[in-house]
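Working notes, structure below.
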Amino acid sequence: QCNLQGLWRNQLGSNMTLSALDAEGAFTGSYHTAVAATNKRILPSPLRGAQQQPGTKGQATFGFTVQWQFADSVTAFVGQCFVDHRGKETLETTWLLREEVPTRRDSWKATR
């Protein structure tokens, strides 16, 4: 069974630290991205999420949001934790980033 608590790194050099799950499956943590389209200093940013209790296969699904501290945007991640036959845990995720735009007319270009 996968344990989300701890330090995670991705192939691009970003990392996140996740707390232990509470009784309802919620967790908090911080995300420090290595990839950003900004001239501002990149800061670790808070995240909040929840893990679905694992089913019979033990490969839990989860989701979390990151409130970026250096940009006017929020990213939502969803994914699943996989454990291989050697016990190595891997997170597979996808994300949507929504940035602030000045008008509703610009909304079409605000989500990546």
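Here are the numbers for this structure:
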{"item": "Dipole magnitude of the chain about its Cα centre (Cβ charges: Lys, Arg +1; Asp, Glu -1), debye to nearest 20", "result": "300 debye"}
{"item": "DSSP-loop trypsin sites (Lys or Arg not before Pro) across segment 1-104, with at most 16 other Cβ within 10 angstrom", "result": "Lys40, Arg41, Lys57, Arg86, Lys88"}
{"item": "Highest-fluctuation residue, Thr93, Thr17, Thr75 considered, GNM on the chain with Cα pairs under 10 Å", "result": "Thr93"}
{"item": "Heavy-atom accessible surface of the chain: percent carbon and sulfur, 1.4 Å", "result": "50 percent"}
{"item": "Within the chain, longest stretch clear of exposed GluC sites (Glu not before Pro) (DSSP loop, no more than 12 other Cβ within 10 Å)", "result": "25-99"}
{"item": "Förster-model FRET efficiency, 25 Å R0, Thr61 and Asn39, C-beta, rounded to 0.05", "result": "0.10"}
{"item": "Of the chymotrypsin sites (Phe, Trp or Tyr not before Pro) in segment 58-98, those whose Cβ has at most 16 other Cβ within 10 Å and which sit in DSSP loop", "result": "Phe70"}
{"item": "Radius of gyration and maximum dimension Dmax of segment 11-112, Cα, Å", "result": "15.5, 51"}
{"item": "Residues of segment 62-79 with amide N under 20 Å of a point placed 7 Å along Cα→Cβ from Asn3", "result": "62-63"}
{"item": "Top of Leu47, Leu12, Leu91 by mean-square fluctuation, Gaussian network on the chain, Cα under 10 Å", "result": "Leu12"}
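The values are calculated or read from the model by the stated rules, or taken from the named source; none is laboratory data. Keep in mind that this is a model prediction, so the values were computed, not measured. Cβ coordinates were reconstructed from backbone atoms using ideal geometry, including for glycine residues, and neighbour counts include every protein chain displayed. Areas reflect the complete protein model, heavy atoms only, side chains present, ligands, DNA and RNA absent. Shrake-Rupley method; radii C 1.70, N 1.55, O 1.52, S 1.80 Å.
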